[in-house]
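The values are calculated or read from the model by the stated rules, or taken from the named source; none is laboratory data. Keep in mind it's a predicted model, so treat the numbers as computed, not measured. Every residue, glycine as well, gets a Cβ built from its backbone with ideal geometry; the counts of neighbours run over all protein chains shown.
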Amino acid sequence: MKKRLLLSITSITIAFNLLSQTQIGNSNFEQWENVGNPTEEPINWNGFKTASGSLASFASQQLQRSTAVRPGASGQYCARIWTKTILGASANGTVSLGRINMASSTITSPLNHTYSDVSNPDFSEAISDQPDSIVFWAKYTPVAAGNYQALMNAIIHDSYNFIDPNDQGGIHQMAQAQLYYSSTNGVWKRFSVPFSYVGPATNITNILVTFSTNKTPGQGLGNDEVLIDDVELIYNPVGIDEVSIESARVFLAGDYLHIKSPIDISSYEIYDINGKIFAKGQKTNSLLFQENAGMYFIHLSAGNQQQVIKFIKE
C-alpha cells in the first residue's frame with residue numbers, strides 16, 4: 001500500500017499565494033517505495049501490485065522506476081509501464097492515482113478497471129480547484145509498427161467511487177481530459193490536454209488520472225512500453241489584479257523573451273508554477289531567457305496597472 005507524501009511548510013510570496021492551486025502529489029515520480037522489489041510503486045500512484053479484486057493475488061509487475069528521464073528533466077526518475085502477454089492475451093501496463101480492480105480473467109471485461117476509492121486517501125486524489133488542462137511528458141515505444149495508441153485519461157468527479165471507464169452514465173463526472181497518442185518515435189514528447197467541463201456533476205472533490213500502454217484493453221503486444229514524467233495541472237490565473245495592462249503580450253524568439261505593451265513596463269518578475277523566481281528587473285522590452293522547457297508566468301507592472309501572462313518554453 002502506498003504512503004502519502006510528507007508535506008513541509010515553506011514560505012512563499014504573497015503574489016504566488018494568489019496563483020497557487022492544487023497539484024498532484026509526486027507528479028514527477030521522484031519518490032518510490034519497495035524499490036528493487038516486484039511491489040515497487042511510485043508514492044501517491046498505484047499499479048497492479050496494490051490492486052483489489054478476486055484476481056489481485058495473480059498480479060504481475062508492470063510498473064517500475066526508471067532513470068531514462070528526458071533531456072532537461074529536473075528529476076532523476078520517471079515511471080515505466082509495460083505490456084505483458086498472459087495466456088496469449090495482452091495485459092496493458094497501467095499506473096493510476098486510483099486503484100486497479102482485477103476481477104475477471106477476461107482482460108476486456110468491465111470488471112477490470114481503475115477507480116477512485118474516495119474513503120481511502122491511498123487510492124484517491126483530492127482536488128479543490130478547476131484546472132484548465134493537464135500536461136505530461138511521455139515516451140511511447142510500441143514493439144511493432146501499426147495503429148497502436150497509448151492512453152492518458154483524467155477525470156474530475158464528485159465524492160463517489162468513480163470507475164474508469166465511466167460508470168453510472170457518468171453522472172458523477174464534472175470534467176474529463178483524455179488523449180490517445182501514437183509512438184513518439186524514440187523521443188520524449190510533451191502533451192497538453194484541455195479539460196472539458198460538461199458535467200453533470202457540480203461538486204468537485206477528486207481527480208482520477210490513469211496512464212496505460214494501450215487505449216484498448218487487451219490490445220498491443222508484450223513489452224510495449226510507456227515512460228511517464230512531470231505530470232502537471234495547468235490553471236489560468238484569474239482574479240490576480242484589480243487593474244490590467246490592456247493588450248500586453250509576450251513571445252519567445254530563440255533564447256530571448258520579448259515584451260510588447262502599449263504603455264511602458266516599469267518592472268517584471270518571471271516564475272514557474274511552483275513560485276520559483278527565475279528573473280526580475282526594471283524597464284525592458286526583451287531579456288535573455290535560457291531556462292528549461294516548461295510553463296512560466298511573467299508578472300508585469302506599469303504604475304498602478306498589472307498583468308500576469310502565462311507562456312510556454314518549448
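Which ones in segment 286-314 are surrounded by 12 or more Cβ atoms within 10 Å (Cβ to Cβ) and more than 29 Å from the chain's Cα centre (by Cα)? Selection gives 286, 287, 301, 302, 305, 306.
Just need a number here: residues in segment 257-314 that are in a strand (DSSP E or B), out of contact with any His (no Cβ under 9 Å at 6 or more places or on another chain) and either modelled with pLDDT of 80 or more or under 26 Å from residue 73 (Cα atoms) (or both). Total meeting the criteria: 23.
Residues that are touching a helix residue (DSSP H, G or I) at 6+ places or on another chain (Cβ under 9 Å) and farther than 17 Å from residue 93 by Cβ: does segment 171-180 have at least one? Explain how you work it out, then say what you get.
Taking segment 171-180 and keeping what is touching a helix residue (DSSP H, G or I) at 6+ places or on another chain (Cβ under 9 Å), we get 176.
Filter once more, keeping what is farther than 17 Å from residue 93 by Cβ: 176.
The answer is yes; a qualifying residue exists.
Scanning segment 56-75 for residues that are farther than 14 Å from residue 95 by Cα, at pLDDT below 95 and surrounded by fewer than 16 Cβ atoms within 10 Å (Cβ to Cβ) yields 57, 58, 71, 72, 74, 75. Of all positions in segment 153-166, at least one carries a residue that is among the charged types (D, E, K, R) and either over 15 Å from the mean Cα position of the chain (by Cα) or crowded, with 22+ Cβ neighbours inside 10 Å (or both). If you check 148, 140 for being part of a strand (DSSP E or B) and either in contact with a Pro (Cβ under 9 Å, 6 or more places away or on another chain) or within 27 Å of residue 34 (Cα to Cα) (or both), only one passes: 140. Per this entry, residue 228 is counted among residues that are modelled with pLDDT of 85 or more, on the phi < 0 side of the Ramachandran plot, assigned by TED's automatic domain parsing to the domain that holds residue 47 and surrounded by 14 or more Cβ atoms within 10 Å (Cβ to Cβ). Would you mind stating whether residue 173 is more than 16 Å from the chain's Cα centre (by Cα) and either among the aliphatic types (A, V, I, L, M) or closer than 22 Å to residue 21 by Cβ (or both)? The answer is yes for residue 173. For segment 169-181, indicate whether the set of residues that are in contact (Cβ under 8 Å) with a residue 40 or more places away in the chain, touching a strand residue (DSSP E or B) at 6+ places or on another chain (Cβ under 7 Å) and part of a loop (DSSP other than H, G, I, E, B) is non-empty. The answer is no; no qualifying residue exists.
Of the residues making up segment 49-72, those that are under 20 Å from the mean Cα position of the chain (by Cα) and not in a loop (DSSP other than H, G, I, E, B) number 4.
Determine, yes or no, whether residue 52 is under 25 Å from residue 150 (Cα atoms), at pLDDT 95 or above and surrounded by fewer than 16 Cβ atoms within 10 Å (Cβ to Cβ). Criteria met by residue 52. Is there a residue in segment 69-89 that is assigned by TED's automatic domain parsing to the domain that holds residue 150 and closer than 15 Å to residue 164 by Cβ? So far as segment 69-89 goes, no, none of its residues is assigned by TED's automatic domain parsing to the domain that holds residue 150 and closer than 15 Å to residue 164 by Cβ. Take the residues in segment 88-125 that are polar (S, T, N, Q) and loosely packed, with under 14 Cβ neighbours inside 10 Å; name whichever of them is farthest from the chain's Cα centre (by Cα). Among those that are polar (S, T, N, Q) and loosely packed, with under 14 Cβ neighbours inside 10 Å, it is 106.
If a residue has to be without any contact (Cβ under 8 Å) to a residue 40 or more places away in the chain and more than 14 Å from residue 250 (Cβ to Cβ) to count, how many in segment 265-276 make the cut?
Selection size over segment 265-276: 5.
Checking 239, 199 one by one, the residue that is assigned to a loop (DSSP other than H, G, I, E, B), modelled with pLDDT under 90 and assigned by TED's automatic domain parsing to the domain that holds residue 78 is 199 and no other.
For residues in segment 202-225 being of a type in the set (A, V, I, L, M, F, W, C) and at pLDDT below 95, which is nearest to residue 105 (Cα to Cα)? Selected residue: 221.
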